[in-house]
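Encoded as structure tokens, the structure appears first; notes follow it.
The values are calculated or read from the model by the stated rules, or taken from the named source; none is laboratory data. All figures in this text were calculated on a predicted structure; none of them were measured in a lab. Keep in mind that these areas ignore ligands, DNA and RNA; they rest on the heavy atoms of the full protein, side chains included. Shrake-Rupley method; radii C 1.70, N 1.55, O 1.52, S 1.80 Å.
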Amino acid sequence: MRVIFIKKQYSLYFFIIFLFLFLFFVFSSYLTFPSSASAIELSKNSLFSKDFGLSLDYITESDEKKAYLTFDDGPTITATNKILDILKEENVIATFFVVGKHVKEYPELVKREYQEGHYIANHGYNHNNKLLYKDMNSFKNEILNTDLEISKAIGVENYCSHIFRFPNRLYVSYVF
């Protein structure tokens, strides 16, 4: 039988590491999005290509520094054209997380975003927490209705961005 002696000063380190690991395993299920939401079937014909999926994988594997420019809550008549003019002048591509009701209101702005090579992603239909987070059906309808409006605006049948940014939450985005 072996007995291992640990100096008193190191025992605190071992206790902290053990506590951290214990808490991590206990609470790790709360760190991810609920599995019921990720089971929503949203796959349709879209522009989410294998190349785009590979580029998402590349983000975590590359040491190269990159910045991804995103805009939320549009399109708006006051800002979107100005933003697009600057992006075009600087030869910069961005992702626009659009709100479905605004897409319906200004489809020509979304079409311009798309035609100039920007990625159009989903930010919910109403940008209203009470509707979006009410229940699973409401959540699904917010996403599907926004994709439908994007589809109409850009002329791509059954468009699905596969990327959703949660309005008014700390979550950045979720890839379907």
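Less than 5 angstrom separates the built amide H of residue 121 from those of 96, 97, 98, all sequence-distant by 5 or more or on a different chain. Per residue, the accessible area of segment 66-176 comes to 54 Å² when a 1.4 Å probe rolls over the protein heavy atoms.
Translational diffusion of segment 62-130 was estimated from the Stokes-Einstein equation, with Rh taken as the Kirkwood radius over Cα pairs; at 37 °C and 0.692 mPa s the coefficient is 261 µm²/s.
Taking 31 Å as the limit for the C-alpha separation, the pairs 66/111; 104/130; 88/140 exceed it in the case of 88/140. According to the calculation over all Cα-Cα pairs in segment 69-108, the P(r) per 10 Å bin from zero is 30, 57, 14 %.
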